[in-house]
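Every read-out reported here was derived from the displayed coordinates using simple, explicitly stated rules and does not represent laboratory data. Everything numeric in this text was worked out from a predicted model, so none of it was measured. Cβ: placed from backbone, ideal geometry, glycine included. Neighbour counts: every protein chain shown.
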Amino acid sequence: MSSNPPELIRLERRDLDMLLTYESGDQFTVTYDDIRYSCPCAKCSPLRNEDESSKSLRRQIEALSPEKPKVKPVGKYALAFEWDSGCSSGIYRFERIWALANNQDPDDGRAYVHGVW
């Protein structure tokens, strides 16, 4: 995962995904399902550690009604997504969003251990 992504200059919320534009000129589409699945909170992250719980988490997310979240900045380092249903606890560092946009593992292959991230 890139530790120093280019600056995110525009986030366009669409019905099922968001279009991200970076200062480098790169544009990426990230689905809301992928954002929800990669939630970095202490409740969701451990569910991605094991194959079966990871698959179950993905099914739960895909069963939710599609919705466009509210997006709020968290300082100058992250974004928070607020959903009407499902988890809204995650704080997504810009590096995490960049990794998702580039189809990389935002957890960088590490299992979640409380207090480590």
Task: For the stretch 56-62, 3J(HN,Hα) per residue [Karplus equation, 6.51 cos²θ - 1.76 cosθ + 1.60, θ = phi - 60°, Hz, x = Gly/Pro] - done: 5, 4, 4, 5, 4, 5, 5
Open item on the list: So in the chain, which Cys have no other cysteine's beta-carbon sitting under 4.7 angstrom from theirs?
Closed with: Cys41, Cys87
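Which value, in debye to the nearest 20, gives the size of the charge dipole of the chain about its Cα centre, when Lys and Arg are +1 and Asp and Glu are -1 at the Cβ? Show your work: numbers first, answer last.
Working: 16 positive and 19 negative charges, 71 e Å.
Using Cβ point charges on Lys, Arg, Asp and Glu, the chain gives about 340 debye.
Beyond 22 Å, what share of the Cα-Cα pairs of the chain remains, rounded to the nearest whole percent? Working shown, then result.
Numbers: 1961 of 6786 pairs.
Within the chain, distances greater than 22 Å cover 29 percent of Cα pairs.
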- [ ] Calculate the spin-label point distance for Thr29 paired with Glu67, positioning each point 7 Å from the Cα along the beta-carbon direction, and give it in nanometres.
- [x] 2.3
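At a threshold of 8 angstrom on Cα-Cα distance, excluding pairs fewer than six apart, so keeping six or more, what relative contact order does the stretch 21-117 reach in percent?
Values: 97 pairs, mean separation 26.3, N = 97.
With pairs under 8 Å counted, the relative contact order is 27 percent.
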Open item on the list: I need Ser24, Ser38 ordered by Cβ neighbour count within 10 Å, fewest first.
Closed with: Ser24, Ser38
Task: Amide H contacts under 5 Å for Asp17, placed H, 5+ residues apart - done: Tyr32
Task: Spatially proximal aspartates and glutamates relative to Lys76 (Cα-Cα < 13 Å; intrachain offsets below 8 disregarded) - done: Glu7, Glu95
Open item on the list: What's the ranking of 96-108, 41-53 by average number of surrounding C-beta atoms within 10 Å, highest first?
Closed with: 96-108, 41-53
- [ ] For Lys55, list the lysines whose Cα falls under 19 Å from its own Cα; do not include residues on the same chain fewer than 8 positions away.
- [x] Lys43
Task: Ellipticity estimate at 222 nm from DSSP helix runs (n ≥ 4, -39,500 (n - 2.57)) divided over the chain, nearest 500 - done: -6500 deg cm²/dmol
Task: Under Karplus coefficients 6.51, -1.76 and 1.60, residue-wise ³J(HN,Hα) of the stretch 81-97 in Hz, glycine/proline x - done: 10, 10, 10, 6, 10, x, 7, 10, 7, x, 10, 9, 4, 4, 5, 5, 5
Task: Simple label model, 7 Å out from Cα along Cβ direction - Asn49 to Asn103, nm - done: 2.9
